[in-house]
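Asker: Can you read through this structure? Questions will come right after.
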Amino acid sequence: KLLGFYMVLFIAAVLNIPNDLYEAARIDGASEFKQTFKITIPLMWEVIRTSLVFFVCTSCSVGFQVIFMMTTGGPDRASEIITTYMYKQIVELSRYGYGSALGVAVLVITMVIALILLKVTERETYEF
């Protein structure tokens with residue numbers, strides 16, 4: 001459902017790369033494959049990192065909508081995830097403090113994964 005968002009990010013990043021670089025690479029004899037891995041990907045690496053972080057942050061809550069609408073946690077909590085459990089604690093059982101603690105736990109887990117991802121994908125930034 002977010003494919004359009006990521007496509008806009010990637011198309012904007014590719015269109016931001018000057019054609020002079022590709023023309024110079026073609027004159028030097030670089031193939032399309034080499035141009036992709038030596039010019040395109042390095043120059044749009046920051047956009048790739050940003051989209052990976054967006055993906056991680058949104059994937060932590062994506063399952064909630066589908067599971068809640070179809071099974072609300074399933075028979076005997078078989079398909080329950082932490083976000084559906086948090087919703088039940090807050091809305092159905094009125095345990096606001098416990099539900100908020102679960103929400104903070106999801107936030108911390110998401111932040112840790114995003115920070116690890118940013119550290120792993122860190123590399124030199126190229127400018128043109």
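Asker: Placing unit charges on C-beta atoms (Lys and Arg positive, Asp and Glu negative, everything else neutral), compute the dipole magnitude of the chain about its Cα centre in debye, rounded to 20.
Answerer: Working: 10 positive and 11 negative charges, 82 e Å.
Roughly 400 debye for the chain.
Asker: Would you tally the net charge around P42, using a Cβ to Cβ cut-off of less than 9 Å, leaving P42 out, and scoring K and R as +1, D and E as -1?
Answerer: +1
Asker: OK, next. Would you mind working out the magnitude of the charge dipole of segment 36-103 relative to its Cα centre, with +1 at each Lys and Arg C-beta and -1 at each Asp and Glu C-beta, to the nearest 20 Debye?
Answerer: 160 debye
Asker: What does the chain give for Rg and for Dmax, in Å, if only its C-alpha atoms count?
Answerer: 21.2, 68
Asker: Which whole-angstrom value gives the distance between the alpha carbon centres of segment 92-128 and segment 1-76?
Answerer: 20 Å
Asker: Among F37, F64, F55, determine the one that fluctuates most according to a GNM of the chain built with springs between C-alpha atoms less than 10 Å apart.
Answerer: F37
Asker: Let me know the longest stretch in the chain that avoids all GluC sites (Glu not before Pro) found in a DSSP loop with at most 14 other C-beta atoms within 10 Å.
Answerer: Looking at the chain, 1-121 is the longest stretch - no exposed GluC sites (Glu not before Pro) with at most 14 other Cβ atoms within 10 Å.
Asker: Taking springs between alpha-carbon atoms closer than 10 angstrom, which of V91, V108, V14 fluctuates most in the Gaussian network model of the chain?
Answerer: Highest fluctuation of the listed residues: V91.
Asker: Right, here's the next one. How large is the accessible surface per residue of segment 81-128, computed with a 1.4 Å probe and reported in Å² as a whole number?
Answerer: Here the per-residue accessible area is 72 Å².
Asker: Helix 3-15 versus the longest principal axis of the chain: what is the Cα-based angle in degrees, 0 to 90, to the nearest 10?
Answerer: The two axes meet at around 20 degrees.
Asker: So how tilted is helix 96-120 from the main axis of the chain? Cα-based, degrees 0 to 90, rounded to 10.
Answerer: 20 degrees
Asker: Here's a follow-up. With a 10 Å cut-off between alpha carbons and a GNM built on the chain, which of G63, G99, G29 moves the most?
Answerer: Per the Cα network of the chain with a 10 Å cutoff, G29 tops the list.
Asker: Please list 3J(HN,Hα) in residue order for segment 55-60, calculated via the Karplus relation 6.51 cos²θ - 1.76 cosθ + 1.60 where θ = phi - 60°; whole Hz, with x for glycine and proline.
Answerer: Once rounded to whole Hz, the list reads 4, 5, 5, 7, 6, 6.
Asker: Once you list every other residue whose beta carbon is under 11 Å from the beta carbon of G99, what net charge do they have if Lys and Arg are +1 and Asp and Glu are -1?
Answerer: Local net charge: +1.
Asker: Something else: Computing the accessible area with a 1.4 Å probe over protein heavy atoms, can you report the carbon and sulfur percentage for the chain? Numbers along the way, then the final one.
Answerer: Working: 6130 of 9070 Å².
Answer for the chain: carbon and sulfur cover 68 percent of the accessible area.
Asker: Please check the chain for the longest run free of trypsin sites (Lys or Arg not before Pro) that are loop-located per DSSP (anything but H, G, I, E, B) and have at most 12 other Cβ atoms within 10 Å.
Answerer: Counting only loop sites that pass the neighbour cut-off, the longest clear stretch is 2-122.
The values are calculated or read from the model by the stated rules, or taken from the named source; none is laboratory data. What you see is a predicted model; the values in this text were computed from it and never measured. As a convention, Cβ positions derive from the backbone with ideal geometry for all residues, glycine included, and neighbour counts pool all protein chains shown. Each accessible area value is taken on the protein alone, full model and side chains, heavy atoms only, with ligands, DNA and RNA left out. Shrake-Rupley method; radii C 1.70, N 1.55, O 1.52, S 1.80 Å.
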